[in-house]
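Accompanying notes for the structure given below.
Bear in mind that the values in this text are calculations on the coordinates, not laboratory data. Predicted model, so just to flag it, every value in this text is computed and none were measured. Cβ coordinates were reconstructed from backbone atoms using ideal geometry, including for glycine residues, and neighbour counts include every protein chain displayed.
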Amino acid sequence: MSTTQMDRIEVRPFGPFGAEIAGADLSRPLSSEAEQTIRAAWVEHGILLFRGGDNDDDAQMRLSRVFGEMEASATADMNDPTNRFMMTLAYDPDDTAPKFAQHYNVDGTDRAGWLGWHWDQAFMPTIVRGAVLRMTHPARTMGRTGFADAISAWQRLSPAMQARIANLEVVYLFNPDFASGQFGFPSDIRPLPRVHQGGGGSGFDFPPVVHPLVIEQVETGRKVLKLSPMHARYILGMDRAESDALLAELAGMLCDPEHAHFHEWQPNDMMVWDNWRMVHMAEGVPLDCRRSARRTTIAGDYEVGRYLDPALDRDRQVKRLVD
Ligand SMILES: [Fe+2]
């Protein structure tokens, strides 16, 4: 069916990357033509916005499956009790035992939920294909999510820089202490005293991994500046000072706010990102400001990541994290 529905779908680019999809009725199954249109728009634009309205869990599940198999959520304690593919990401100032108890002051504002620029799970050898975030309860102030496009970032590099970095590899190591991050972080970030005990930060088993600095988009062959600044450490085999300078320059280029999109959430907006291409960041919210979102993950493995230690099996089971 639904030629009618197909005809109503409209792709509205909102900048150099990113597009809003209008006219997709997610309260019922989409036609295969509609799904193809949406997938093609995702490959072309990198992020897709489906404006809020009546979007609910069912709509989010239906949309997520357009892009591939779904991956069970990272941690059982955040999963929906009746749906292992759905998790809640929330900040509640009244929660006396929050999962994430470490907050930061960034740019002079105390914030919960701040995250630096990254693609999800850069500290793993396998990288999920994408994710859908639905903002069920937007923050009354702040709470934006930033997106930056690693294809256009590559295109902004000089030919000399493109040639220099084409075959480099980057080592990543999970870092639970954002204030000690090296690349893509603001200079004025400091951790706040922990108000509550508990929350993440210990017991992780994430050995260092290696990812190429440049990949090609699978569907189009376009080059991607595949850098995730938040957990990046150094360029494999390069002098450390040279590596630090190069990664800082590339992170600045990739995450330049002039070329980024910062989404202002409306209730039940859904944003889908291509995690093999886009980087994103979370602005966070003031400490007295509630915010809640639902998140689903699209499975995948781009197959070129590996552990730094060749003795480790890249398919070994580890506890995944949400970032
Ligand atoms: Fe993320």
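Across R190, R156, R290, mean-square fluctuation computed from a Gaussian network of the chain (C-alpha pairs under 10 Å connected) peaks at R156.
Under a model in which nothing but the beta-carbon of Lys, Arg (+1) and Asp, Glu (-1) is charged, segment 125-222 shows a dipole of about 400 debye around its Cα centre.
Would you list which lysines come within 29 Å of K99, measuring only between C-alpha atoms, while excluding same-chain residues fewer than 8 positions from it? Cross-link targets: K319.
The residue list G146, Y234, M78 was ranked by how far each Cα lies along the charge dipole of the chain toward its positive end, using unit charges on Cβ atoms, and Y234 comes out on top. Most fluctuating residue of F183, F147, F100 in a GNM of the chain with Cα springs under 10 Å: which is it? Looking only at F183, F147, F100, the largest GNM fluctuation is found for F100. Taking the number of Cβ atoms within 10 Å of each Cβ as an exposure proxy, the fewest-first ranking of D25, D188 is D188, D25.
From least to most packed, judged by other beta carbons within 10 angstrom and beginning with the fewest, T82, T145, T220 follow the order T82, T220, T145.
Rounded, prolate or oblate: which fits segment 183-323 when a ≥ b ≥ c are the square roots of the eigenvalues of the alpha-carbon gyration tensor, with rounded for a/c under 1.5 and prolate only if a/b beats b/c?
Verdict is rounded for segment 183-323.
Secondary-structure-derived ellipticity at 222 nm for the chain, considering helices only, amounts to -5000 deg cm²/dmol, per-run term -39500 (n - 2.57) for DSSP H runs with n ≥ 4. Basic side chains Lys and Arg get +1 at the Cβ, acidic Asp and Glu get -1 at the Cβ, and with that the dipole of segment 174-321 about its Cα centre reaches some 520 debye. When only alpha carbons are used to place a centre, segment 301-322 and segment 36-106 end up 23 Å from one another. Between the alpha-carbon centres of segment 107-125 and segment 152-186 there is a gap of 15 Å.
Each residue of segment 51-61 is assigned a 3J(HN,Hα), and the resulting list reads 4, x, x, 8, 4, 10, 4, 4, 5, 5, 4 Hz, derived from the Karplus form 6.51 cos²θ - 1.76 cosθ + 1.60 (θ = phi - 60°), x at Gly and Pro.
Suppose every K and R has +1 on its Cβ and every D and E has -1 on its Cβ; what is the size of the dipole of the chain about the Cα centre, in Debye to the nearest 20?
On the way: 33 positive and 45 negative charges, 29 e Å.
Here the size comes out at about 140 debye.
So which residue, out of G46, G23, G113, gets the largest mean-square fluctuation from a GNM of the chain using Cα contacts under 10 Å as springs? Result for the chain, Cα springs under 10 Å: G23 fluctuates most. Here the Karplus relation 6.51 cos²θ - 1.76 cosθ + 1.60, evaluated at θ = phi - 60°, turns the backbone of segment 34-39 into coupling constants of 5, 4, 4, 4, 5, 4 Hz, with x for every Gly and Pro.
If you wrap the chain in the convex hull of its Cα atoms and look at it from every side, the mean projected area works out to 16.6 nm².
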